[in-house]
Structures are given as C-alpha cells and as structure tokens.
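Colleague: One structure coming up, written as structure tokens, with questions to follow.
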Amino acid sequence: MDSRYDIAIVGSGPAGLSAALNAKIRNKSFIIFGNNNLSDKIEKAPKVNNYLGFTSGTGKNLLESFQNHINKMGIEIVNERINTIYSMGDYFTLMVNQKMYEAKTVILATGVEYTKPLKGEEEFIGKGVGYCATCDAPLYKGKRVTIISYNEAGEEEANFVSELAGEVFFVPMYKGDYKLNDSINVIKETPIEIIGESKVSKVLFKNGEELETDGVFLLKNAVPPTQLVPGLEIEDGHIKVDRLMKTNIKGCFAAGDCIGTPYQYIKSAGEGNVAALSAASYLG
Ligand SMILES: Cc1cc2nc3c(=O)[nH]c(=O)nc-3n(C[C@H](O)[C@H](O)[C@H](O)COP(=O)(O)OP(=O)(O)OC[C@H]3O[C@@H](n4cnc5c(N)ncnc54)[C@H](O)[C@@H]3O)c2cc1C
C-alpha cells in the first residue's frame, strides 16, 4: 500500500484537474485518479467558446491546454478506476480492483454518467446487478456472469472475473480490439433489459435474444456516487454539498458535474478550486 495522502482526487476532468492544481500550490501530498485522456467530455466538444481565457477552439484544443498546464506543474494522473471509498473516521480507504490507497481527505470529481440505466438495472441492484466486477467476483465462483462494459477498463475486470466464474459474457458498448482471455464470450448486441424475479436471471437484447445469467455487472465511466461512497447524501440526483463543497461525510468534498447543473467546464474548474482549498483548510 502507498503512504497516506493528504488528498485523494477521484476524476480527471476540469474539476479534478483544478483541484489537483490547487492541492499542488498548497503543497499538500495528493493523488489523482482518472484517465490518460483526462475526460472524454473535453475531447468530444466540437467547439468551446465559453471558457475564460480560451478565446475559441475545439475540445481537443482545450484538452491540450489542460494537459500542458498539469505537465508544467508535474501532476501525473493515475490511470485507475476507484470502485469504492470507505470513510474510516479520520481517513479514507479507496479500493481499486485488488489494490487500496489511503488519504486523509477525498475530493469526488467524477462527472455524471449520461447513459440511462437499463430497464431492470436499478430494481436488481444488490440482487445480481453490480458495478464492481472484481469486488464481487468471489460471489460468482463457477457461475454465469455478464459484463456490460462502457469502456476498455472493463476488459481487465472481465479477465479477472473469468478466472473465478464458470462462464463470462462480455458485452462491449464501445468499439475496440477487446484484449480478453480466450474463455470469454464477446456479445456485440445491444442489451435493453435485465430480467428476473427475486434476483437476476436473464439479459434481453435488442435483437430479441435472451442470455441466461446469474449476475450482471455494468462498468460505466462513472460509478453511481452512492455506490462509490456508502452513506453519501444525494439531492436531486447529485451529491449534496455546501458552498465550501463539503459533503455530509467529514473530510469528503465534491466538485463539478457530480454536484449538479449547469454542466459546464468553468463551473467544474471553479468548484474543484474551492474543494481543494476547503480540503487544505480542513487538513490545517
Ligand atoms: C459533447 C459535449 C460538449 C460539451 N461542450 C461544452 C462547452 O462547450 N462548454 C462547457 O462549459 N461545457 C461543455 N460540456 C460539459 C462539460 O463537458 C462538463 O460540464 C465537464 O466536463 C464536467 O467536468 P467534471 O470535471 O465535473 O467531469 P468530467 O469532465 O465528466 O470528468 C470526470 C472524470 O472522472 C473520471 N472518473 C469518474 N469516476 C471515476 C472513478 N471512480 N475513478 C477514477 N476516475 C473516475 C471519468 O472517467 C472522467 O474522466 C460539454 C459536454 C459534452 C458531452
């Protein structure tokens, strides 16, 4: 395990990057988790003209400018997806597949997931539907598991699960090369419903085919906040914070799209700044 950081930042969009920048300026030890490409939502913007100091350009141009800034400050993103964060009283444990990290404070900057839940997904949470395949894999020893993955990071989780489960079905919701163990069955169909009675029994696809399964993992770009941090208070579908970006959990702050609309780069960056300064003053 690594040392206990002052601040762990989860998310590498404008909110997380701005938090990291300010943690660095405040001379706090920190770690920032996210993606090598920072955020899909920056890269995908066809045109950005509402970010102060950035006169006009594409999302890619803005991304380059963010990347240059963090490079200059010596900030490196840890390309890992945090599955769960536990508050231990005066510090936090962050779980990543088989690893864990510790930090005195946490800043959640995870963005929002635009994909709508599948029919039946919410109904069967904890009854065969899960969001962390590696955490729950031991429950599926010898069983049939379906992994619906919205990104490449899901491939590593699927490979891990395939060593324990009887059969693994991988349903990619993206195009790619799929670096998967030979034993994994890839299904390139669109899932539309998760079916069951007291627990999950099948996945229904758009083409009308049904797949019998004991469990379904949905590996999305952002884990739902309440799954990520047990006990986190939510209001109108977003993490509830005060003006200092404090959540209801001591030492846990949040910023960016995950705390509410309007979904904007500059709002996210501003809130990331406030969250880092609040974490710094909490640390003393
Ligand atoms: C096509 C498009 C165009 C847009 N155009 C504009 C525009 O012109 N102007 C504007 O102001 N806004 C625009 N937006 C909105 C803007 O993209 C968002 O408001 C902004 O990106 C939110 O920043 P964020 O840091 O809160 O989250 P995000 O940018 O969503 O970043 C969150 C990051 O955290 C990572 N993450 C999530 N969960 C975890 C986890 N558990 N572990 C590790 N990493 C995790 C995600 O993978 C992601 O990289 C646009 C959005 C889209 C989709």
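Colleague: Within the stretch 171-251, report the trypsin sites (Lys or Arg not before Pro) that DSSP leaves as loop and that have at most 14 other Cβ atoms within 10 Å.
Modeller: K175, K179, K188, K199, K206, R243, K250
Colleague: While we're looking at this one, here's another question. If the cut-off is 29 Å between C-alpha atoms, which lysines fall inside it for K250, apart from same-chain ones fewer than 8 positions away?
Modeller: Counting by Cα, and skipping residues close in sequence, K250 has these lysines nearby: K24, K28, K99, K104, K220, K240, K267.
Colleague: Calculated from DSSP H runs of 4 or more alone, at -39500 (n - 2.57) each and per residue, what is the 222 nm mean residue ellipticity of the chain, nearest 500?
Modeller: Values: 7 runs with 67 residues, N = 284.
Computed mean residue ellipticity for the chain: -7000 deg cm²/dmol.
Colleague: Okay, moving on. Classify the stretch 127-205 from the C-alpha gyration tensor, please: rounded if a/c falls under 1.5, else prolate or oblate depending on whether a/b exceeds b/c.
Modeller: Cα axes put the stretch 127-205 in the oblate bin.
Colleague: Over the stretch 106-198, with every protein chain in place, what whole percent of the accessible area is carbon and sulfur at 1.4 Å, could you tell me?
Modeller: Here carbon and sulfur together make up 47 percent of the probe-accessible area.
Colleague: If you take every DSSP beta bridge whose two residues both sit in the stretch 1-84, what share of them, in percent to the nearest 5, is antiparallel?
Modeller: 35
Colleague: Another one. Is the C-alpha gyration tensor of the stretch 1-123 telling us rounded, prolate or oblate? Criteria: a/c under 1.5 is rounded; beyond that, a/b larger than b/c is prolate, otherwise oblate.
Modeller: The shape class here is oblate.
Colleague: Using the Cα gyration tensor of the chain, with a ≥ b ≥ c the square roots of its eigenvalues, what is the shape: rounded (a/c below 1.5), prolate (a/b larger than b/c) or oblate (neither)?
Modeller: Taking the square roots of the gyration eigenvalues as a ≥ b ≥ c, the chain is prolate.
Colleague: What accessible area per residue comes out for the chain, rounded to a whole number of Å², with a 1.4 Å probe?
Modeller: Here the per-residue accessible area is 50 Å².
Colleague: OK, next. In nm, give the distance between the simple-model label positions of E233 and E76, each being 7 Å from the Cα along the Cα-to-Cβ direction.
Modeller: Distance between label points: 3.9 nm.
Colleague: I've got another one for you. Based on alpha-carbon centroids, what's the gap between the stretch 206-284 and the stretch 104-164 in Å, whole number please?
Modeller: Using only Cα atoms, the two centres lie 17 Å from each other.
The values are calculated or read from the model by the stated rules, or taken from the named source; none is laboratory data. Note that the structure is a prediction, hence the values are computed from the model and not measured. Note that each Cβ is placed from the backbone with ideal geometry, even for glycine, and that neighbours are counted across all protein chains shown. Note: areas computed on protein heavy atoms with side chains; ligands, DNA, RNA excluded. Shrake-Rupley method; radii C 1.70, N 1.55, O 1.52, S 1.80 Å.
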